[in-house]
Each structure stands twice: as C-alpha cells, then as structure tokens.
Amino acid sequence: MLETASRKLFALPPLIRVTTAPSTRSFSVLNRPPPNYQGHVPLNAFERGTLAAASAVLSLMNPRRGGRFTVPILLQWILILREDLIAALGEATATPFFIYRLRDAMLSNPTGRRVLRDRPRITSSTMSMTKLRTLPENSVGRAYVSWLDREGVSPDTRDSVKYIDDEECAYVMQRYRESHDFYHALTGLPVFVEGEVALKAFEFANTLLPMTGLSLFAITRMKPAERTRFWNAYLPWAVSNGLTSKDIINVYWEEELGRDVDDLRNELGIERPPDLRETRKSLKEQKRAAKEKRIRMGGLRAD
Amino acid sequence: MSTPTLTRTSTRLTHRLLPPRPPYRCLSCSRLLAQQQQHQHQQQPPKQDAQNPTTHFGFQTVPSSSKQSRVASVFTSVASSYDTMNDLMSLGTHRLWKDHFVRSIDPGIRDCAEGNGSGQTILDIAGGTGDIAFRVLEHCTLVKNDHASKIIVSDINPDMLAEGKRRAREGGYGQSGRLSWLEANAEDLRAMPDNSVDLYTVAFGIRNFTSKPRALREAFRVLKPGGVFACLEFSKLNSRLLEAVYKRWSFGAIPLIGQLVAGDRESYQYLVESIERFPGQEEWMGMIEEAGFLVPGVEEGKGWEDLMGGIACVHKGVKPL
C-alpha cells in the first residue's frame, strides 16, 4: 500500500512536464531582473543559499522555549517563534523541483486546477470570522475558526511570498501557507510544538516541501516524553496517512466550509491521529494524582 | 558516424533551425498575462506637474505628500531592532562614526557650572533613539566639564522617540533635566523660536527628508548667528574598488540581514536605495551653502570630512553673524 503510494507521489502524468528554474540565476545584486509579480524579489543562487542556511539555523534558536542552543547576546532579539523565518526558509528551499512538483500535482487534479484558475485568497476579508462561527459544530469552517481563536491569530498574519520566481508557483506557496490552519482543523492536531511537528511530518509526506521536512529538526527541542510519543505514534501516522491520502493542497477550502470534518477526512483518506490534547491532559492528571498520593503517603510515614 | 550520433546531431540541428516553440503556459497564467497586458496599457507612471509633485522614495517615484508617511512606516517597523540592525549592517563601525562626529564638533563650554542661562542649547534632529544626544551629553559633562548644556532630541516618529526615552531612563540621563524630547517634522520646527539654538546636529536622518532645502532653511532659522550646523550622512565613495564591494554589500547583504533579523526586507531595501539617492559630497555642500551657511574649509577645498573612504561624511556649516 505504502509502496504504491510513494510511487504515486513521485510519478507525474506524462503530459505535464516538471519545468526547472530558469538558468539565468547568476545575476548580480546590482542588476536584478524585473519582478514577475507584485512583491517578487528575485534572488541569485548565493543569496538563496544564504537565506536558506541562515533561516534554518535561526529558526531553531528560541530562548523563550528553552532551546538547547546557546544564544549569543547579539541574537537575544529572537524572543518569539519567528514564523517569518520559517516562511523565508520555505521559499528559499522550494526551488528547484519541489514547488514545481506541487504545482503540477495541483494541475493534475480537477479541483486543483479550479483553485489555480480562481486563485482564492484566505484573508480576514474573504473569510468572515463571524459567519464561520455560526456554522455547525463539527464543520470544517467552525473547526478552523476555533483554532484561530484559540491561538489568537488571524488569517492576515501570514507573510506574502517573495522569493519564488515563477508567478504561479508563488501562488501555490501562498495557498499552502494560508491553508495551514485548515490542516490543523483537518487533522485535529493542536497548535503547540508537539502538534505542529506532527502536522509538519504529515505535510512533508503529502506535499514534499523541504521546509516541512527541515522543520522536523524541532524534535531536538521537544521533551523526552513528547519525543517518544512522536516516534511511536505521530510519525508513523504522519507517514502512512501523508503518503496514502489525496493531496491536501487540492482542497477548495472555500467550498468545504460547511462540510462535516469527518466526511472530508474520509474522502481524503486521512485517519484521525490520537487526540494530543486529551493525551496530554490525561497524562497531566495521572502525574498530579500520583504526586498527591506520594505526598499523602509521605505524610503518613512522617507520623 | 554511428546511427545514435547521427540522430542526435540531426535532432539538435532541427531544433536550431525550427522556430522556437512557444513556452508551455497553463490556463491561469494565460489569463493573468492577458490581464497584465491590459493593465499596462491603462496604467501610466505618476505624472509630475504642479498639481501633484512627486519625489523619490528610494528608487520609487511617489507623490510628495505620501513620502512622509512612507518613511514613518519604515522607521516604525525598524525602531525595535534599530541598534542590532545598525551593528550588523555596518559591522559595528557606526559607533566609530558617531563618536568621531561628536568629537569633531566638540560641543559644550569648558567648566560651565549649572546655572541659569549658561550652557549651550543643542538640537539633535532625527535623533529618536538618542545615539548622538547621549554622546553629546557625555562629551559635555565628562570632557568639557559642562553641566549646564541642554539637548532637545527631535524626531518625527514617536516610536523612535519612545525608544530614546526608554534608553535615557536606563542610561541615567533621564532624570538629569538636560534632555527634552520633541516630536516634530524637521521641515517645520515651529515649536523652536528663531535664533535659539547653538548647535544643530543631524546624523543619518537628512536623507529621509522629503525636502532637504526646506530642512536646511529651518536649520538656518533656528540657529543663532554663529551657531553650527553639523550633519553626518552616508555619501559617495572615493575608491571604485571599495565602491564595488560596498554596493554589493548594500544591495545584497543588507536587505537579507533585514529579512533575517527584523523580518522586514522592504524597509532595508528602502534604506539602501535612499543612501544611493543622496547627493554626493560636493553637491550636498553646495546645498548647505545655498541655505546661507558658511562652510569651514571650503577655500582650501576641504568643505567636508570623509570617514572610511567616503562611506560616511561629516558636513558642517556656520550661520553668519
């Protein structure tokens, strides 16, 4: 099953070519080619490589989260999870091949083609939060808006794509970025580090974007118990589901808002992973109960 | 020749002779291309005329009325990481430039005790985070033993001023009563009376002003006769080799560092473009003279002082008595 699934991932319909990046990559920073779309910044190979390497390293340094890396004083300014660094890393590593593969995966699916034709954007103006909150309990839109509320973010916090040269691929990247919160709703994974890493593993198996794979280095910053859960439960779930399910990039979210989440999951072929919030809550309860028991017993012994 | 080689050569020849195939274009790209072409026919570059004057914002041409707000938004976004970014962009040398700048002005009156009316009135323009103001205060107090001179720190951007106030509190000069803060546009210092300032300093700020001649005229107005105008700004390099390296650093590394450190490539792209747009040493000295200042050293042919080969430059002017 997995073999055929991975073969499906790497195979492409014969009529659609995977175009590679234009070979005119060796321009000087003083003489950049004109932008291909609004906000486009063409980077040459050296800049792209530096951006990829530096953003990869910097996004792992996170003193507030108790990172294992020592942070020099000059870099103390990194106090929050730098989403923009991860976004830059994603764009810098998406070419060559990976973003083109994803675009072609969209082109080979009817819904994906409609998304590419219509180019819907997910912003607070196109997605009315108030209307989403009125949707039925287990619907896609309701789950999405509850994730946003829980994390306290709006769909406008996503950076726009700058460093991808092909205009259509830039839209594909933008669509992937904007749909990320929907993937949380779809898989039911929560928004703290453990859930994010599990979701990234799933996305890597499904979309094959390098940034999602590189984000897995964040497991070095998880606690041992979290890491065990990841190896035992979430990584196997992510790999098997990511490879066998349909491409989640092809979902036309704007049309699926009122639909039941389980229904959509069945259609895409995604199983629900073990509920992470429930697991952590019950483990915390068990620990607390054990601690109380020890205190009580300790108290008896002292008598 | 063997058959495979023959086939390969003939295929290559065919490809060269035939007209090139049009690039594969998907449906959405074709639609967008059509839209863009239509858009290009409709869109015109902003016309420059008396009704809507335009000015430059980096390499862009924008209506003059909007430049102020655009610059404001650039500095609001850079305010919090300003120092770190300055250190990274100039590799720490901006501290040397600022130190030299203050020392070459030599502000303060020697052994001037605290008292009414004594001491200099110094106005630091675009000095929001207080880099120059604190150096001037320390020079007056520690080098010249001047405890009376007062400094007004002025900036158009309240976020930069807030950063400066925070640093004044941490640094210890906040309670001294010798620092005051003024949120104002350098082209319209109506809060400052005529002939009231002994020293007017502006470091790395004047290239962002919408109208430099107006700022120079305001400087002339508020300075006392005999007062000194001092400006530290980026300028043109003397050596072509250094210039080649410097330009590549400016346009390649600085926006990249801006993206990595501040998450804001556009602001730093604007900053390097505004450096590129600023007039050279000779032209800037001419503008200072045109505002009415006397430039020291102009007769000997040294009307300015280049720092580090022209990367930064100190210009001075004296208001005639």
If the chain between residue A:240 and residue A:220 were fully stretched, how many nm would it gain, using 0.36 nm times the residue separation less the Cα-Cα distance?
5.0 nm
Please list, or write none, the aspartates and glutamates whose alpha carbon is within less than 18 Å of the alpha carbon of residue B:150, excluding same-chain residues fewer than 8 places away.
B:106, B:111, B:114, B:124, B:131, B:138, B:183, B:194, B:198
Share (percent) of C-alpha pair distances in the stretch B:145-273 greater than 24 Å works out to 45 percent
Let me confirm one metric for peptide B:253-260, namely the mean number of other chain beta-carbon atoms within 10 Å of its residues' beta-carbons.
6
Bounding extents of the stretch A:201-246 in its principal axis frame from Cα atoms, largest first in Å, are 32, 20, 7
In Å, the Kirkwood estimate of hydrodynamic radius for the stretch B:104-198 over Cα pairs equals 13.4 Å
Computed from the beta carbon distance with a Förster radius of 51 Å, FRET efficiency for residue B:66 and residue B:138 to the nearest 0.05 stands at 0.85
Ranked order, B:188, B:87 - accessible area, probe 1.4 Å, largest first:
B:188, B:87
Just in the stretch B:141-195: which trypsin sites (Lys or Arg not before Pro) are loop by DSSP and have at most 16 other Cβ atoms within 10 Å?
B:190
When Cβ neighbours within 10 Å are restricted to other protein chains, what is their mean count per residue of peptide B:261-267?
4
Low-density loop GluC sites (Glu not before Pro), the stretch B:290-319, at most 11 other Cβ within 10 Å, DSSP non-H/G/I/E/B, are B:299, B:300
Chains B and A: what accessible area do they bury, summed, in square angstrom to the nearest 100, with a 1.4 Å probe?
2100 Å²
Per DSSP, the loop-located GluC sites (Glu not before Pro) within the stretch A:105-179 having at most 12 other beta carbons within 10 Å are A:137
One would report the antiparallel percent of DSSP beta bridges in the stretch B:79-213, rounded to the nearest 5, as 5 percent
Name the lysines eligible as straight-distance cross-link partners of residue B:67: C-alpha to C-alpha under 21 Å, and not fewer than 8 places from it in the same chain.
B:47, B:212
Reachable aspartates and glutamates, given that their alpha-carbon falls under 13 Å from the alpha-carbon of residue A:131 and they are not under 8 places away in the same chain:
A:254
Can you work out the base-10 log of I(q)/I(0) for the stretch A:109-201 at q = 0.11, 0.14 1/Å, using the Debye formula on its C-alpha atoms alone?
-0.35, -0.57
Could you give each residue of the stretch A:120-136 its phi-based ³J(HN,Hα) in whole Hz, using Karplus coefficients 6.51, -1.76, 1.60 with θ = phi - 60°, and x for Gly or Pro?
x, 10, 9, 10, 5, 7, 7, 10, 6, 4, 5, 5, 5, 5, 8, 6, x
Using θ = phi - 60° and the Karplus relation 6.51 cos²θ - 1.76 cosθ + 1.60, list the HN-Hα couplings for the stretch A:147-153 in order, rounded to whole Hz, with x at every Gly or Pro.
5, 4, 5, 5, 8, x, 10
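The values are calculated or read from the model by the stated rules, or taken from the named source; none is laboratory data. Everything quoted here is computed from the prediction, not taken from an experiment. We place every Cβ from the backbone using ideal geometry, glycine too, and count neighbours over all the protein chains shown. Areas reflect the complete protein model, heavy atoms only, side chains present, ligands, DNA and RNA absent. Shrake-Rupley method; radii C 1.70, N 1.55, O 1.52, S 1.80 Å.
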